[in-house]
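J.: Take this structure, written in structure tokens, and hold onto it; I'll ask about it next.
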Amino acid sequence: MEVRLAECAGFCFGVKRAVETVYEQIETGKTIYTYGPIVHNEEVVKDLEKKGVGIIENREELISMQSGAATVIIRAHGVPKEIYDILEQKGFEYIDATCPFVKRIHRIVEKESRNGRLIIIVGNQGHPEVRGIMGWCNGPVTVLETPEEAEKFMPKEGEKICIVSQTTYNYNKFQYIVEIFQKKGYNDSVVNTICNATEERQQSAKVLAREADIMIVIGGKHSSNTRKLYEICSRECANTYFIQTLDDLHLELPKAVRLVGITAGASTPNKLIEEVQNYVRINF
Ligand code: F3S
């Protein structure tokens, strides 16, 4: 039996950068907080907690804090502009670990909404990245999650719109939604802000799942890109498992299994991927 890891799996550039920033700051001996969990992976967050890193859950908590000697690190998925304002007003020392690809979306929506365009974010309404992007709009903004919602949504006639996407959104679905608005005849400015890391992971997961008898997808329960990998793999391979850590893996492998494929979301550390890989290799 072969165990094969998808060509692209695990930490993406932005997450790696943010996590490394936190570990570097721990070394300074200062009191460290991250604004929200630094990435969507409970294992990473637990390890940081063990090392004394606190999490500021929301703006109210931030407002109630004393700036003191603490350093606040802004997570990879970004935060609304208001949070920077509060950090500045309160005199916090802070480090911005927002992924540059997310930062680019902030700049686009800030500029386009100032130019009078209605901002349409294609993505998951409740996702922190999307909430962060909304917080950089200077005017009306709406979030659309599905093509059905896009069909129903009718901005005023002649309204200028700007469409961007959550970095982890599915490329084909995004194109489809853009076409819906183009057919309706709106004056649109479209910026495909889907991150390559997502496409690469999705593509290589799909290729592997097509061949594999069993697919294991590793990632946090709240990670939207991991859930999407799971969806994609399930379509190609009926025996697809979603696990957070090795403890969730309860495999009974039939003799006929030739290939076990493994992939992991963009917030999954290498250590976890290796553990799962080694476990399957050794035990089956
Ligand atoms: Fe950045 Fe893309 Fe990762 S937007 S955080 S490199 S998935």
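The values are calculated or read from the model by the stated rules, or taken from the named source; none is laboratory data. Here the structure is a predicted model, which is why all the values come from computation and not from measurement. Note that we place each Cβ from the backbone using ideal geometry, even for glycine, and neighbour counts take in every protein chain shown. Ligands, DNA and RNA are stripped out before the accessible areas are found, and what is left, the full protein with its side chains, is counted by its heavy atoms. Shrake-Rupley method; radii C 1.70, N 1.55, O 1.52, S 1.80 Å.
J.: If you check Ile194, Ile218, which single one turns out to be open to solvent by less than 70 Å² (accessible area, probe 1.4 Å) and either away from the ligand (no atom under 14 Å from the Cβ) or of a type in the set (Lys, Arg) (or both)? Before the answer, list the steps.
T.: Details: Ile194 fails: either away from the ligand (no atom under 14 Å from the Cβ) or of a type in the set (Lys, Arg) (or both).
Testing whether each residue is open to solvent by less than 70 Å² (accessible area, probe 1.4 Å) and either away from the ligand (no atom under 14 Å from the Cβ) or of a type in the set (Lys, Arg) (or both) leaves just Ile218.
J.: Here's a follow-up. Against the conditions (1) assigned by TED's automatic domain parsing to the domain that holds Ile262; (2) within 29 Å of Tyr35 (Cβ to Cβ); (3) open to solvent by less than 10 Å² (accessible area, probe 1.4 Å), where does Ala205 fall short? Just the number, please.
T.: Going through the list (1) assigned by TED's automatic domain parsing to the domain that holds Ile262; (2) within 29 Å of Tyr35 (Cβ to Cβ); (3) open to solvent by less than 10 Å² (accessible area, probe 1.4 Å), Ala205 breaks only (2).
Table: residues versus (1) in a helix (DSSP H, G or I); (2) farther than 30 Å from Asn196 by Cβ; (3) touching a strand residue (DSSP E or B) at 6+ places or on another chain (Cβ under 7 Å); (4) touching a residue at least 40 places away in the same chain (Cβ under 8 Å).
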{"residue": "Ala18", "(1), (2), (3), (4)": "yes, no, no, yes"}
{"residue": "Thr21", "(1), (2), (3), (4)": "yes, no, yes, yes"}
{"residue": "Ser67", "(1), (2), (3), (4)": "no, yes, no, no"}
{"residue": "Gly78", "(1), (2), (3), (4)": "no, no, no, yes"}
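J.: So Thr193 ticks every box in (1) among the hydroxyl-bearing types (Ser, Thr, Tyr); (2) touching a Gly at 6+ places or on another chain (Cβ under 7 Å); (3) more than 30 Å from Val257 (Cβ to Cβ) but one. Which box is left unticked?
T.: Against the list (1) among the hydroxyl-bearing types (Ser, Thr, Tyr); (2) touching a Gly at 6+ places or on another chain (Cβ under 7 Å); (3) more than 30 Å from Val257 (Cβ to Cβ), Thr193 comes up short only on (2).
J.: Kindly evaluate Lys152 against the criterion of being more than 16 Å from the ligand (Cβ to nearest atom) and modelled with pLDDT of 95 or more.
T.: Working: more than 16 Å from the ligand (Cβ to nearest atom): yes; modelled with pLDDT of 95 or more: yes.
Judged against the criteria, Lys152 is a match.
J.: Let me ask you something else. In segment 1-59, how many are among the basic types (Lys, Arg) and under 17 Å from Val217 (Cα atoms)?
T.: Residues that pass the stated criteria total 1.
One line per residue, one yes/no per condition, for (1) buried (at least 16 other Cβ atoms within 10 Å of the Cβ); (2) touching a Lys or Arg at 6+ places or on another chain (Cβ under 8 Å); (3) among the hydrophobic types (A, V, I, L, M, F, W, C); (4) farther than 30 Å from Phe242 by Cβ:
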{"site": "Gly29", "(1), (2), (3), (4)": "no, no, no, yes"}
{"site": "Thr34", "(1), (2), (3), (4)": "yes, yes, no, no"}
{"site": "Pro37", "(1), (2), (3), (4)": "yes, yes, no, no"}
{"site": "Gly54", "(1), (2), (3), (4)": "no, no, no, no"}
{"site": "Ser67", "(1), (2), (3), (4)": "no, yes, no, yes"}
{"site": "Glu82", "(1), (2), (3), (4)": "no, yes, no, yes"}
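J.: Six or more apart or on different chains, Cβ under 7 Å: which pairs go from a residue in segment 225-251 that's of a type in the set (Gly, Ala, Ser) to one that's open to solvent by less than 20 Å² (accessible area, probe 1.4 Å) and away from the ligand (no atom under 16 Å from the Cβ)? Could you list them?
T.: Going by the 7 Å Cβ cut-off, the qualifying pairs are Ser234/Thr240.
J.: Given the conditions (1) open to solvent by 40 Å² or more (accessible area, probe 1.4 Å); (2) away from the ligand (no atom under 16 Å from the Cβ); (3) not hydroxyl-bearing (Ser, Thr, Tyr), and given that Phe13 satisfies all but one, which numbered condition is not satisfied?
T.: Phe13 satisfies all of (1) open to solvent by 40 Å² or more (accessible area, probe 1.4 Å); (2) away from the ligand (no atom under 16 Å from the Cβ); (3) not hydroxyl-bearing (Ser, Thr, Tyr) except (2).
J.: For segment 19-47, enumerate the residues that are within 18 Å of Ile273 (Cβ to Cβ) and within 15 Å of the ligand (Cβ to nearest atom).
T.: Within segment 19-47, Val19, Glu20, Val39, His40, Asn41, Val44 meet the criteria.
J.: I'd like to verify a number: residues in segment 84-111 that are away from the ligand (no atom under 16 Å from the Cβ), open to solvent by 30 Å² or more (accessible area, probe 1.4 Å) and part of a helix (DSSP H, G or I), how many? Walk me through how you get there before you give the answer.
T.: Step one: list which residues in segment 84-111 are away from the ligand (no atom under 16 Å from the Cβ), which gives 84-94, 110-111.
Filter once more, so that each one left must be open to solvent by 30 Å² or more (accessible area, probe 1.4 Å): 85, 88-91, 93-94, 110-111.
Those left that are additionally part of a helix (DSSP H, G or I): 85, 88-89, 110-111.
Number of matching residues: 5.
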